[in-house]
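K.L.:
Can you read through this structure? Questions will come right after.
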Amino acid sequence: MKQYTIRNRSVPLSLHDAVITEAAVTGSMIRLVFADGIRDLFKKEHVWTGRATVTISNVNRDSSSLTRFGETTYLMCPIEQLSQFVKTGRFEIVDELYGYRQLLFRCMWLTDTTCETVELSLSHSSELVIRWEDEPVEEMYGSESF
């Protein structure tokens, strides 16, 4: 019997617990801005970065989705509505999954009147580009041990 073991890839940056503060959907490109940074796992002690930007190019919009979950129902929203979610409330990534040409972000959308789960599933044919500043925006996050 033959066997092949697929190892977990160690991703040196994490969007987990990061808040999307700006989102732009332009053609087949999506740009996410994290004004308060993302988790930097390059260092021995994990820390928050400064402002970060994630750019996803060549998004296949026919195979991508933005889904808003209620208590008993769900609603498929146009990808363009992502920026409205970000503008009208706190949009925090609580789970991230990276697959072959696939990204899945499970998010919490918090407003004055609601707390809902929103999933952003993106099918893309380019590399994911993440840019960040070294210095944290604020010291409120400090360093964290996992």
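The rows are residues; the columns are (1) modelled with pLDDT of 95 or more; (2) more than 14 Å from residue 134 (Cβ to Cβ); (3) acidic (Asp, Glu); (4) open to solvent by 40 Å² or more (accessible area, probe 1.4 Å).
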{"site": "10", "(1), (2), (3), (4)": "no, yes, no, yes"}
{"site": "13", "(1), (2), (3), (4)": "no, no, no, no"}
{"site": "22", "(1), (2), (3), (4)": "yes, yes, yes, yes"}
{"site": "32", "(1), (2), (3), (4)": "yes, yes, no, no"}
{"site": "40", "(1), (2), (3), (4)": "no, no, yes, no"}
{"site": "62", "(1), (2), (3), (4)": "no, yes, yes, yes"}
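K.L.:
Moving to a separate point now. Which one of these does residue 96 not meet: (1) open to solvent by less than 40 Å² (accessible area, probe 1.4 Å); (2) in a helix (DSSP H, G or I)?
P.N.:
Residue 96 satisfies every listed condition except (2).
K.L.:
Right, something else. Spot the failing condition for residue 119; the list is (1) in contact (Cβ under 8 Å) with a residue 60 or more places away in the chain; (2) among the acidic types (Asp, Glu); (3) part of a strand (DSSP E or B), and only one is missed.
P.N.:
(1)
K.L.:
Would region 75-92 turn up any residue that is assigned to a strand (DSSP E or B), modelled with pLDDT of 95 or more and loosely packed, with under 13 Cβ neighbours inside 10 Å?
P.N.:
yes
K.L.:
While we're here: Looking at the structure I just gave you, is residue 66 in contact with a helix residue (DSSP H, G or I) (Cβ under 8 Å, 6 or more places away or on another chain) and either charged (D, E, K, R) or at pLDDT 95 or above (or both)?
P.N.:
yes
K.L.:
Okay, next question. Looking only at region 42-53, filter to residues that are part of a strand (DSSP E or B) and modelled with pLDDT under 95; which one of those is surrounded by the most Cβ atoms within 10 Å (Cβ to Cβ)?
P.N.:
Within region 42-53, the match that is surrounded by the most Cβ atoms within 10 Å (Cβ to Cβ) is 48.
K.L.:
For the condition over 13 Å from residue 20 (Cα atoms), touching a strand residue (DSSP E or B) at 6+ places or on another chain (Cβ under 8 Å) and of a type outside the set (S, T, N, Q), what is the one hit in 91, 69?
P.N.:
69
K.L.:
Follow-up. Please go through region 93-110 and pick out each residue that is at pLDDT 95 or above and more than 13 Å from the chain's Cα centre (by Cα).
P.N.:
Residue satisfying the conditions is 110 alone.
The values are calculated or read from the model by the stated rules, or taken from the named source; none is laboratory data. Predicted, not measured: the structure shown is a model, and the values here were computed from it. Note that each Cβ is placed from the backbone with ideal geometry, even for glycine, and that neighbours are counted across all protein chains shown. Just so you know, the surface numbers come from the protein's heavy atoms only, side chains and all, with ligands and any DNA or RNA stripped out. Shrake-Rupley method; radii C 1.70, N 1.55, O 1.52, S 1.80 Å.
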